[in-house]
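Okay, structure first, notes after.
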4 protein chains.
Amino acid sequence: MSSSSERRTALPRRRDEAKALFRNAILDAAEHVFAQQGFHGARIQDIADHARIAVGTVYNHFEQKEDVLHALLEVRLEEMIGNLRPQPTDPEPFEQKLRCCILRTLRFAEEHRDFHQVALDCGLFAKGTASASNILKEKAVAHFEKLRATTLALVNEGLKCGALRPMDPVPLARMLGGLIRSSSIGMLMEQSHPDLEAEASLLVDLYLNGAGRADRPGRPRDESDLGER
Amino acid sequence: MSSSSERRTALPRRRDEAKALFRNAILDAAEHVFAQQGFHGARIQDIADHARIAVGTVYNHFEQKEDVLHALLEVRLEEMIGNLRPQPTDPEPFEQKLRCCILRTLRFAEEHRDFHQVALDCGLFAKGTASASNILKEKAVAHFEKLRATTLALVNEGLKCGALRPMDPVPLARMLGGLIRSSSIGMLMEQSHPDLEAEASLLVDLYLNGAGRADRPGRPRDESDLGER
Amino acid sequence: MSSSSERRTALPRRRDEAKALFRNAILDAAEHVFAQQGFHGARIQDIADHARIAVGTVYNHFEQKEDVLHALLEVRLEEMIGNLRPQPTDPEPFEQKLRCCILRTLRFAEEHRDFHQVALDCGLFAKGTASASNILKEKAVAHFEKLRATTLALVNEGLKCGALRPMDPVPLARMLGGLIRSSSIGMLMEQSHPDLEAEASLLVDLYLNGAGRADRPGRPRDESDLGER
Amino acid sequence: MSSSSERRTALPRRRDEAKALFRNAILDAAEHVFAQQGFHGARIQDIADHARIAVGTVYNHFEQKEDVLHALLEVRLEEMIGNLRPQPTDPEPFEQKLRCCILRTLRFAEEHRDFHQVALDCGLFAKGTASASNILKEKAVAHFEKLRATTLALVNEGLKCGALRPMDPVPLARMLGGLIRSSSIGMLMEQSHPDLEAEASLLVDLYLNGAGRADRPGRPRDESDLGER
DNA sequence: CATGAATGAGCTTTCATTCAT
DNA sequence: AATGAATGAAAGCTCATTCAT
């Protein structure tokens, strides 16, 4: 009885493997080509060439060019959000935990420069941007919201444990996102491979303590510090 | 001083006025259309329609589509940089001056949402981004550098007068840029018209003092403060 | 006042002339290419080549490939219907009038073999046929209906003047259409140039008197003749 | 007489059965899909889906898409010609025999609306039509010729027995074909299920006696009738 | 100099056919 | 022999750019 029943499961299994293989190859190729040429500049032919497959094959896995982009962003963004989100193994003081999250995110950016390039190009980090909303439409917003929600959750945790100033979490999250983004973009631009640990520490320091000189005159929070002594 | 000699100067003057009129109309239309549809999604026809002129007329003023974008960015960026740069009338303590610069920049972003949309779309705020480098090429870098230099100058002034922590100005500038950008994007996204004065104050506060609670335990700069006593 | 006011009328006039020139050139080319290769086999490039214009120009005059076909059928069918419809100058006895209408229609078919080919290919003479309904959709039905109505009007005239057997005009019209169509198709097939006058006379004779031998035994209408004696 | 020798004959028999099963399933599916979407609009995938088999299987039975159409037309046309051809059991007076042939043909058209649709679409009834000649090439002509020959044979029989007017059989055959075709098309169009017996009688009547009123003045054959008295 | 139609290279997408399983 | 994914040539359509008026 085996052969037929085996076929029913073994063949599809192989097929599914092959399917996933092609799909990933296409997404990897797309990541690279989109990063180099932008979404509009990238031709399906280029992606197919990079994946060493035929144009038609791309269309066997994705209905439209846009769907390739969408799938790519979805997959990578999930990974990125996973990195930004606190892990069970992260150390407890919020400052350390934040440092770990940022470090992981920077490492991800370092390892996935192409994706970051694409994400920027698509305005993934800026909901409502023109080409983003035109290419990705509502889906773009969903992508962005996920990232924002994750950042917000991180900030809220900091507020709860008293590590952050008690204030509206939205600007706090916005600031955190801005800092990470600036740093990531800086890395992309410099094409350098900096000391990510140091960079993460610097980011946390700047985020928590600000850019101002601690003992500068008229520092508002010094006054409140005095009051507490 | 015959009428003919007058004509020699008067006529060109009129022509120049007319020329500038068309050029500005094209740039205004382009700002709107690019913001709505993205650079690649915008057709010359669309821009011409918005400016209520013929396509050919666009090509009488700009060699290529890209040149329209370039000119637009150049004009608006100059204005934006002018706003970010400290003015003679700005109040002296660095904190106040910074607040003024940021406020002007946010106001500009508010008034030129379309330009901001375009600038984001073109990765103007992120040198080396795909579509930016493909569309604008070297010129994009020049645009970006100008903005970066202005931010850097502002930070250096803060360092000189002792308002900022003595450290590498590059990350300080990057952080400042990231904050302003985050806030601008936030405004674009929310489609709301917030209290810009309050927003500027908040930004300065966060930039100088950080997001951390001042009296939290183990605050690093408290230690350095101790050392100075 | 002249030049500007002239321009407003003179320029558009020239433009309209040119426009009609191109449009007709496209339709003529399409008639030929569609006839040779069928609608699906004809590429826009082929039509453009035949009209000695660029592909894009075709699209400046017609939104889609289908619209070219539609316009072609509309124009030619109007002409064809004009030929089938009785003219004021046609002689009065219905038989003679019918002969004239058929002769004109056969002449039109002879002179516009290409159109006939296309019309057949599109099932223009058979409402609801597959490719017709797929390519032309509702418009195909409209085309067909016009033709049918014209044939019906002709038959009704014959009924009114007592030249045709008093019966349901629909089968009478159907028969007339079938005869003309068969003859036209025969001409297309034979690639010959027959004596159209003779062909028209033959058609009228067959249509009015039938294919049966007049004096054959058991002829039903002879019986009715008997009753009248 | 071992089981092995049996197999040698039994197995191929089964195989042939299975083969015919698939072949017929494909042709049935093709008949439906071609009728719905036209030859060019029908994808092999559609046909395979309808036959609930895989695309590859179609190509195991037919070399090309066109061959499917060709085989379909061949099979159905043979059947159609068989219906049009007089049967041994048909009653003898030519008029009755003709009535039977037409009735069978109309019944076939009624039962095989899809095939008729396809045949029309392919210009099967009009040799030399564009898409027909492009799709079916010479084979189309062969199909058409068979049908024409059958019609011609029928007409010749009528001539021989004196039921038809002594004249060139080609126009007579053409007229007969045109009448049957008009009626079939009419049925396809109306989507109605008329009384086929009445329709057949009407056709024979019109074919033999024409559409003209028998006692109208100046009827040419009346004169010849007079002469024979 | 404004105009707007002509141009044609280039792109996305389709689908008949092939072929490894 | 059935399967269905891979293939890639081919076609419709777009739109930046040109140019005659």
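Remarks
- Exposure ranking of D:17, A:31, B:197 by accessible area [1.4 Å probe, largest first]: D:17, B:197, A:31
- Cα-Cα over 28 Å, subset of A:139/A:160; B:19/C:19; A:139/C:65; A:97/A:139; C:97/C:146; A:19/A:65: A:139/A:160; B:19/C:19; A:139/C:65; A:97/A:139
- Working from Cα pairs under 8 Å separated by at least six residues, relative contact order for the range A:65-211 is 28 percent.
- Unit charges at the beta carbon, dipole of the range C:8-62: most positive-side option, C:33, C:47, C:18: C:18
- For residue A:66, solvent-accessible area (1.4 Å; no DNA, RNA or ligand), Å²: 60
- When the range D:67-110 is described by a simple charge dipole with +1 on each Lys and Arg Cβ and -1 on each Asp and Glu Cβ, the residue from D:68, D:81, D:102 located farthest towards its positive end is D:102.
- Net charge dipole, the range C:8-62: roughly 400 debye, given to the nearest 20, about the Cα centre with Cβ charges of +1 for Lys and Arg and -1 for Asp and Glu.
- Starting from the label point of residue C:88 at 7 Å along Cα→Cβ, the same points in the other copies fall at 6.6, 8.9, 9.8 nm, in ascending order.
- Summing both sides, the accessible surface hidden between D and C at a 1.4 Å probe radius is close to 4900 Å².
- Residue D:58 sits among other residues whose Cβ lies under 11 Å from its own Cβ, and their net charge, with Lys and Arg +1 and Asp and Glu -1, is -1.
- Other protein chain Cβ atoms within 10 Å, averaged over every residue that makes up D:92-99: 2
- Only Lys, Arg (+1) and Asp, Glu (-1) charged, at Cβ; the range B:65-211 dipole about Cα centre in debye: 440
- C:47, B:44, reordered so the largest accessible area comes first (probe 1.4 Å): B:44, C:47
- Take the range C:8-62 with all the other protein chains still there, run a 1.4 Å probe, and you get 63 Å² of accessible area per residue.
- Ordered from highest to lowest accessible area with the whole protein assembly present and a 1.4 Å probe, D:53, C:81 read as D:53, C:81.
The values are calculated or read from the model by the stated rules, or taken from the named source; none is laboratory data. It should be emphasised that the depicted structure is a prediction, and the values quoted were computed from it without experimental measurement. Methodologically, a virtual Cβ is constructed for each residue, glycine included, from the backbone with ideal geometry; neighbour enumeration extends over all protein chains shown. With ligands, DNA and RNA removed, areas are computed over all heavy atoms of the protein, side chains included. Shrake-Rupley method; radii C 1.70, N 1.55, O 1.52, S 1.80 Å.
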